[in-house]
Amino acid sequence: MPEHTTSPRPPSRPRRRRRLVAGCVVVAASLALAGCGTANGALRPEPSTTVSVTAPPTSSTSSAGAPSSGAPVSARPSAPGPASKPAAPRSGTPSPAAPRSGTPKPPPPATTPTPAPAAATTTPAPPVSGVSTAVVRSTASGGRTVALTFDDGPGRATGEILDLLARYGAKATFCQIGRQAAADPAVVKRIRAAGHRLCDHSVNHPQPFASLTHEKAVYEISAAKDMIVQAGGPGTEVPWFRAPGGGFTADNQRVAADHGLRPLGWSVDPRDWSRPGVASIVSTVQSQLRPGGVILLHDGGGDRGQTVAALKQLLPWLVAQGYRFDFPAR
Ligand SMILES: [Zn+2]
């Protein structure tokens, strides 16, 4: 599901973009994935780059790396082991595999037998972080609580939304685009200082996120977390990952969990990104919200005037309804 229509594209990645668009076309051809060609955001194909869109799915197209069956990308047999974090760009930590200062060690005594290849090799190990791979769609506390979540920021509306939340004593979770967090660290620090929480929403918001290669998903998830932590300063926690457009797969959920990020969904989506009108946003939330629900809203990705206006009605309504503001479960 595209979340917004005006997210700026990454400035200079024509080669990578073309390749991903091609992958999108292949997946669309093989899976009949509705909406792929109209996906918004960073990967929207331009007419000049969509030559292959009209081409029939020939065998040469399907041999371009995408599975020709309906198997999801996550079905590939890659990386079942512990989350060996692929060398994130600009990570300043040296590789742990380079001590080489002392004398070369003799081979270890043969007291410890090599571990027997048990049956565990066939079942995927639990995430090294201990974080669940399951998408969470409810609050941490349950009961008459609600979790407000804001995606695609930080953006122009973030400050005004923070002001509104403060007026009602509301806490929220901000699912941030990594490169935008890196560009505006002051607002990330303000979010933290006000007691809100942060969530990873990928580096570039590519869509459809579910069709990314494993390697690309690892980069989008892990580097965005690093960018948000860097922007927020020491001690910044990022407990969740929300896939752009909700494009979760078993593979990217596992990648997220391996990086300590619980996949975060929602239970109420008023589609504020599409600017359906303030009344529509308000009535959808009021009719669909149940205790323990997670509401999806946006503080970035375009003009959020309707979202702000809806919040001015929804915040007092939530308080009057006896809701307490909570964070999503972890
Ligand atoms: Zn988004």
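Read-outs throughout are calculated quantities, based only on the coordinates presented, and are distinct from any laboratory measurement. None of the values given here were measured: they were computed from a predicted structure. Every residue, glycine among them, receives a Cβ derived from its backbone with ideal geometry; neighbour counts consider all protein chains shown.
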(message) In the range 145-325, if the dipole is taken from +1 on Lys/Arg beta carbons and -1 on Asp/Glu beta carbons about the Cα centre, which of I161, A223, G322 is farthest to the positive end?
(response) G322
(request) Beta carbons within 10 angstrom, averaged per residue: use that to sort the peptides 269-280, 140-151, 220-231, highest first. (result) 220-231, 140-151, 269-280
(message) For H298, what residues show an amide H to amide H distance below 5 Å, using hydrogens built from the backbone and excluding near sequence neighbours?
(response) D151
(message) Between A140 and A194, what is 0.36 nm times their sequence separation minus the Cα-Cα distance? Round to one decimal in nm.
(response) 17.5 nm
(request) Can you tell me how much longer the chain between R156 and R271 gets when fully stretched, taken as 0.36 nm per residue apart minus their C-alpha distance, in nm with one decimal? (result) 39.6 nm
(request) Take the Cβ-Cβ distance between Q288 and D163 as r, set R0 to 22 Å, and report the resulting FRET efficiency rounded to the nearest 0.05. (result) 0.25
(request) State whether the range 137-182 is rounded, prolate or oblate according to the following rule on the C-alpha gyration tensor (a ≥ b ≥ c being the square roots of its eigenvalues): a/c under 1.5 gives rounded; otherwise a/b larger than b/c gives prolate, and the remaining case gives oblate. (result) oblate
(message) Show me the ranking of peptides 157-166, 298-307 by mean Cβ neighbours inside 10 Å, starting with the highest.
(response) 298-307, 157-166
(request) Please give the net charge around L315, taking every other residue with its beta carbon less than 13 angstrom from that of L315, where Lys and Arg add +1 and Asp and Glu add -1. (result) +2
(request) Decide, for the range 131-240, between rounded, prolate and oblate: order the square roots of the alpha carbon gyration tensor eigenvalues as a ≥ b ≥ c, take rounded if a/c falls under 1.5, and otherwise choose prolate if a/b is larger than b/c, else oblate. (result) oblate
